[in-house]
1. Can you pick out the pairs among Lys371/Lys418; Lys169/Lys405; Lys313/Lys418; Lys286/Lys313 whose Cα atoms lie more than 29 Å from each other?
2. By per-residue mean of other Cβ atoms within 10 Å, what is the highest-first order of 156-166, 33-43?
3. By per-residue mean of other Cβ atoms within 10 Å, what is the highest-first order of 384-390, 454-460?
4. Quick check: from the Cα gyration tensor, does segment 379-473 come out rounded (a/c under 1.5), prolate or oblate?
5. What share of Cα pairs, in percent, lie more than 19 angstrom apart in segment 311-443?
6. Using heavy-atom solvent-accessible surface (probe 1.4 Å) with all chains present, what is the largest-first order of Val289, Val100?
7. Can you tell me which of 214-221, 266-273 comes out highest on packing, and rank the rest after it, using the mean Cβ neighbours within 10 Å?
8. Out of residues 5 or more away from Tyr322 or on other chains, whose amide H comes under 5 Å of its own, with H placed 1.01 Å from N in the peptide plane?
Amino acid sequence: MALGLGNIFNGLFKQYGHTVIILLRLIDIAMLLAAAWVANYFWLHEVAINKDYRIVIALGILATIIFFEIGQVYRPWRNDTMRSETARIVRAWVFAIVSVIAIVTLIRLHFWFGSSYRWIITWCGTGLLFMLTARTLFSHLLRWLRTRGWSQGRIILVGLNQMAIAVSKQLNHSSWAGLEVIGYVDDRAVNRNLAGDFSLPQLGKLEDLADIVTTEGIDEVWIAFTGESLIDRAQYQLRHLPVSIRLVIDCFAFKQSKFLSLNTVAGIPTLDFLVSPLQGFNGYIKAFVDRLFALIILILISPLLSFIAIGVKLSSNGPVFYRQERIGWNNLPFTMLKFRSMPVGTEAKTGAVWAKSGENRATRFGSFLRKTSLDELPQLINVLKGDMSLVGPRPERPDFVEVFKDQVPNYMKKHMVKAGITGWAQVNGWRGDTDLNQRIEHDLYYIQHWSVWFDLEIALRTVLTGFINKNAY
């Protein structure tokens, strides 16, 4: 299903998922306490946990509550795979443990504190294992209970369209909600091309709605097709029944509906379509983090930069840096820096050319820089200047932008954020001479889901997977 219903269904989760969230929080805390006891018994051979370690446990649980909330660990499960859920838990738990270790280290600088790092690391590994195991068992238990009708709300849809089909499929995969779509009513004939292999039964026409609600024990009526006066007709049919009525927004009426999300601005409900995440305070946070880390990285790798600069000078005559105009935030041009990998004047003969496998325009040392992505390191200076970000969509040259903007849908939307040295598309393998549509899909996903934690994940994946890529020429 192409539609991204994550934000659309958040309100539903708030109403039906609060019990699940409470249970998950309690399970996580219980697993961390059990893991702490295991770590304590393993290293100290004591059943009782002493005061110092109880302080560490309290700090860890507090950090877990904070970072699990920030990391959206308790968001709806929806169609999430175990892999994506595990990734969120691991990321948040690592941040929690790192913060605990940092606090313990600071305390030890001033006071005696009887705790060992090996105890904390053991607790970290055991706690993660316990939480993942408990969540897996809880998920299976919840699904087992739902399939047997436990606390299952019954829904009927009014009208059959693409959105109604999407709603039914989404709820069938959302076991946390405890909702079941049993059928639909519609005065129109079924469009077989629309329904496809969809097997939701038609229970009658709109005039039969009240009787169906009564006989089938319906808890909620969801109006998915908003034809003329349909809402008024449905409300009239249900006027004597204490049943909940919901209006489903037909997101398929919009192109590229996967980027839609519900929002409230000054109390006014809006349906957002690719809104820049860096407006207001978020923009200041990202700029601060970018410049801080860019400065730290530049200081740490300054010996490497000096070595590369010498190599560039020795490989061919000309400047160390290659300056190239690129299009960045708000469609504004800027000068991007790279270590020069080609002899001076190479592009004067060919013009702007897309780098492809097998080309031999680069020097021998320049080819090495390209394959290892080391030629991109001067862009840290662009980050310090505010032209770029550490993480974001990769910028293109104006000549290519003029071509791509008419060939690739929503291509120019990537400029709603600053261009980055690395990005979501790059860590997923879409760099160099690869499918532009896939790259833009990933760039737009990044824009819609941006957070500081998402940036950190991309940066960490860039470091862990290395800078060498088969598509880097």
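The values are calculated or read from the model by the stated rules, or taken from the named source; none is laboratory data. A quick note: this is a predicted structure, and the numbers were derived from the prediction, not measured. Note that each Cβ is placed from the backbone with ideal geometry, even for glycine, and that neighbours are counted across all protein chains shown. Please note that ligands, DNA and RNA were not included when accessible areas were found on the heavy atoms of the full protein model with its side chains. Shrake-Rupley method; radii C 1.70, N 1.55, O 1.52, S 1.80 Å.
1. Details: Lys371/Lys418 24 Å; Lys169/Lys405 34 Å; Lys313/Lys418 31 Å; Lys286/Lys313 35 Å.
Over 29 Å Cα-Cα: Lys169/Lys405; Lys313/Lys418; Lys286/Lys313.
2. Working: 156-166: 23.2, 33-43: 17.8.
Final packing ranking: 156-166, 33-43.
3. On the way: 384-390: 20.1, 454-460: 18.3.
Highest to lowest by the protection proxy: 384-390, 454-460.
4. Details: a/c = 1.41, a/b = 1.26, b/c = 1.12.
Rounded, since a/c falls under 1.5.
5. Numbers: 4463 of 8778 pairs.
Everything past 19 Å amounts to 51 percent.
6. On the way: Val289 40, Val100 0 Å².
Ranking Val289, Val100 by accessible area, largest first, yields Val289, Val100.
7. Working: 214-221: 15.0, 266-273: 10.0.
Highest to lowest by the protection proxy: 214-221, 266-273.
8. Lys338, Phe339, Arg340
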